[in-house]
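As structure tokens, the structure follows; a few thoughts come after it.
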Amino acid sequence: MLMCRDLAGIASDYIDGELGTTQKLSVKMHLMMCKDCRSFIGNLRASTDLMRAHSSGKPDPELIRRIDERVAEALQTRDSHDSKNE
Amino acid sequence: MKTAELEGHEEALITGLQAGNEADFQQAVRLYTPGMLAVARFYLDHANAEEVVQDCWVSVIGAIQKFEGRSGLKTWLHRIVANRCKNKLRSNKKEVATDFSATLDPELADRFNASGRWAVPPKLQFHDSADALMENDALSDCLDKHLSFLPETQRSALMLYEAHQHKSEDVCNILDVSTSNLRVLLHRARQRIFLMVETFQETGEC
Ligand SMILES: [Zn+2]
């Protein structure tokens, strides 16, 4: 018999569809009877959506500026190198 | 955006990069740097991760000529970052240690009674969509803060899988973890986020 604690341990696998048929079935049976676990699965799913909606972390604008600079520099060196070889 | 449109867009971008078009590089840098940083942070501290990502972009100028598009640009870039990080770690002789034995977050594990039933059930209520919730700046800041508290391994796994929408096979490849270990990392990270949002909603504090 699957207990709430066991279910909490495999909740992400259930959400992501990574469980085998037998385990998936016992999770579904448990969820039918247990309001708290339904709430937990819903909460975990919502937290995951929230995480997804949260921007994937905006990098430091200063870092982006430095990368632009270094890329521009490297492109120029390459171009002048190419023209010398022609 | 539809997948086909995205693919067309990526193809055009790759052609631009191969031609050495600076504007296309700027666009790609803005598009892909967040994901590349997430990969690098799995292995390295903040400063070293930023350095590796910078170096990667410079190396992409040459390497993109040989890009064949089999894996998709994002996955290709993330692999370059992962390989550079691994080389750097090798030279620093630093190990990445992770404990994969516990699938439950300790704080969550305490919320069950001896018979394995919920003693302190989840209290979170979601009335609004995730997008609406993210308009709450305080919650957004709190999420940022807690993401930065997550162990690097958990955060990178979560970032790549959720925020950058990689398939688990790719995440395992990039981070060099087994499928079962990735499952643990993802689950642990999600529990932290859940606990954070629950506390925030209950107390209004981060
Ligand atoms: Zn239950």
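The values are calculated or read from the model by the stated rules, or taken from the named source; none is laboratory data. All figures in this text were calculated on a predicted structure; none of them were measured in a lab. Glycine gets a Cβ as well: all are built from the backbone with ideal geometry, and neighbour counts include every protein chain shown. Just the protein is used for accessible areas: all its heavy atoms, side chains included, with ligands, DNA and RNA removed. Shrake-Rupley method; radii C 1.70, N 1.55, O 1.52, S 1.80 Å.
Return the sequence-ordered ³J(HN,Hα) values of segment B:73-88 in whole Hz as given by the Karplus equation 6.51 cos²θ - 1.76 cosθ + 1.60 applied to θ = phi - 60°, using x for Gly and Pro.
With the stated coefficients, segment B:73-88 comes to 4, 4, 4, 4, 4, 5, 5, 4, 4, 4, 5, 4, 4, 5, 4, 5 Hz.
On the principal axes of its Cα set, how long, how wide and how thick is segment B:79-206? Give whole Å, largest value first.
Largest first, segment B:79-206 extends 46, 40, 26 Å along its Cα principal axes.
Just checking the output field for B:182-192: average partner chain Cβ neighbours within 10 Å of each residue's Cβ?
Per residue, the number of nearby Cβ atoms from other chains is 4 on average.
Under the definition of partner shielding as Cβ atoms of other protein chains within 10 Å of a residue Cβ, what is the mean value for peptide A:32-42?
3
Read phi for every residue in segment A:36-47 and hand back ³J(HN,Hα) as whole Hz from Karplus 6.51 cos²θ - 1.76 cosθ + 1.60, θ = phi - 60°, with x for Gly and Pro.
4, 6, 4, 5, 5, 4, x, 5, 5, 5, 5, 5
Could you point to the residue in B:178, B:81, B:150 farthest towards the positive end of the protein assembly as shown's charge dipole, with +1 and -1 charges on the Cβ of Lys/Arg and Asp/Glu respectively?
Farthest towards the positive pole: B:178.
Compute the long axis of helix B:137-149 from its Cα atoms, compare it with the longest principal axis of the Cα atoms of chain B, and write down the angle in degrees, 0 to 90, nearest 10.
80 degrees
Measure nothing fancy, just the Cα-based angle from helix B:22-43's long axis to the longest principal axis of chain B, in degrees from 0 to 90, nearest 10.
40 degrees
If we sort B:43-50, A:29-36 on the protection proxy, mean other Cβ atoms within 10 Å, highest first, what's the order?
Result, highest mean first: B:43-50, A:29-36.
Show that you can apply the helix-only estimate: for chain B, add -39,500 (n - 2.57) for every DSSP H stretch of four or more residues, divide by all residues, and state [θ] at 222 nm to the nearest 500.
-21500 deg cm²/dmol
Per DSSP helix of 4 or more residues, -39500 (n - 2.57); summed, then divided by the residues of chain A. What does that give at 222 nm, rounded to the nearest 500?
Calculated mean residue ellipticity at 222 nm is -25500 deg cm²/dmol.
To the nearest 20 Debye, how big is the dipole of segment B:121-206 about its Cα centre, given +1 on the beta carbon of each Lys and Arg and -1 on that of each Asp and Glu?
It works out to roughly 440 debye.
Could you compute Rg(Cα) / (2.2 N^0.38 Å) for the protein assembly as shown, with N its residue count?
Against the compact-globule rule of thumb, the ratio is 1.13.
Can you give the average number of partner chain beta-carbon atoms within 10 Å of each beta-carbon in peptide B:101-113, as a whole number?
Mean partner-chain Cβ count within 10 Å for B:101-113: 3.
Please give the helix B:46-63 orientation as an angle from the longest Cα principal axis of chain B, in degrees from 0 to 90, rounded to the nearest 10.
The two axes meet at around 30 degrees.
Would you kindly calculate the translational diffusion coefficient of segment B:3-91, applying Stokes-Einstein with the Kirkwood radius from alpha carbon pairs, for 10 °C and a viscosity of 1.306 mPa s, and quote it in µm² s⁻¹ without decimals?
Once the numbers are plugged in, D ends up at 119 µm²/s.
Could you tell me which of the pairs A:28/B:86; A:28/B:167; B:88/B:145; B:86/B:123; B:66/B:145 are separated by over 31 angstrom between their Cα atoms in the structure shown?
Violating the 31 Å Cα-Cα cut-off are A:28/B:86; B:86/B:123; B:66/B:145.
Note down the net charge around residue B:118, summing +1 for each Lys or Arg and -1 for each Asp or Glu among other residues with Cβ under 10 Å from its Cβ.
Summing Lys and Arg as +1 and Asp and Glu as -1 gives +3.
As a test of the definition: which semi-axes, in Å, follow for chain A when you take the square root of five times each eigenvalue of its alpha carbon gyration tensor? Largest first, please.
Equivalent-ellipsoid dimensions as semi-axes: 54, 16, 8 Å.
Quick check: pseudo-label points 7 Å beyond the Cα along Cα→Cβ at residue B:202 and residue B:55, how many nm apart are they?
4.5 nm
Ignoring ligands, DNA and RNA, what percent of the accessible area of the protein assembly as shown is carbon or sulfur (1.4 Å)?
Here carbon and sulfur together make up 49 percent of the probe-accessible area.
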